[in-house]
Amino acid sequence: MKRYLVFALVGPFVGGFLLLLTTTYQSGYWAQTSLGEVGKLFVVFFKTLQYSYLFGFLPSLMIGAVDDILIHIRRIGPGLRMLLVGLFAFALASLTYSSRGPDSGAVQFILYGLVGFVPAVMSSWLVHRYIEEPRAAAAST
């Protein structure tokens, strides 16, 4: 249960911030922005944080479920599990957020994929680091 709590708390927060950075980059905001206007980015982030949790809660729990499934496979170590969870989240986020029109491309696909990859790997690492993992059940024959 603690695993899902970590994914539900960390995922929308980090993913929402990365999504905001990605959309501002895609819109050209950073090409004409001075350092004085960077504070506006954080204001927008904290004003829209409730929506990050509203729309990011269930996807984060889905990624947490994938992590929970993979932890029960003995041959998959923590590093490989974090990578697999991150790649799954990368694929889901990039397919969900990136467009398929004429403005799409590799940069857009990668940036939106990182919106899923970074919070998933970060949450999986936090779970591995701070939450006791279940012990493998002894094989009864």
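The values are calculated or read from the model by the stated rules, or taken from the named source; none is laboratory data. What you see is a predicted model; the values in this text were computed from it and never measured. A quick note on method: Cβ atoms are made from the backbone with ideal geometry, for glycine too, and the neighbour counts reach across all protein chains shown. The accessibility values were calculated without ligands, DNA or RNA, using every heavy atom of the protein model including side chains. Shrake-Rupley method; radii C 1.70, N 1.55, O 1.52, S 1.80 Å.
List of remarks:
- Criterion (over 12 Å from the mean Cα position of the chain (by Cα), closer than 17 Å to A120 by Cα and not charged (D, E, K, R)) met by exactly one of L35, L95: L95
Rundown of residues vs (1) within 26 Å of Q26 (Cα to Cα); (2) assigned to a helix (DSSP H, G or I); (3) free of Cβ contacts under 8 Å to residues at least 12 places away in the same chain, yes/no style:
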position	(1), (2), (3)
R75	no, no, yes
F88	yes, yes, no
T96	yes, yes, no
R100	yes, no, yes
L111	yes, yes, no
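- The number of residues in region 30-56 that are open to solvent by 40 Å² or more (accessible area, probe 1.4 Å) and among the hydrophobic types (A, V, I, L, M, F, W, C) comes to 9.
- Candidates G86, G77: the one that is under 13 Å from the mean Cα position of the chain (by Cα) and within 20 Å of I131 (Cβ to Cβ) is G86.
- Taking residues in region 60-71 that are assigned to a helix (DSSP H, G or I), and partners anywhere that are of a type in the set (S, T, N, Q), the pairs with Cβ atoms closer than 6 Å and at least 6 places apart or on different chains are D67/S124.
- Taken over region 57-108, the criterion of being open to solvent by 30 Å² or more (accessible area, probe 1.4 Å) and β-branched (V, I, T) is satisfied by V66, I69, I73, I76, T96, V107.
- Failed criterion for L5 (all others in (1) closer than 16 Å to H128 by Cβ; (2) hydrophobic (A, V, I, L, M, F, W, C); (3) surrounded by 16 or more Cβ atoms within 10 Å (Cβ to Cβ) hold): (3)
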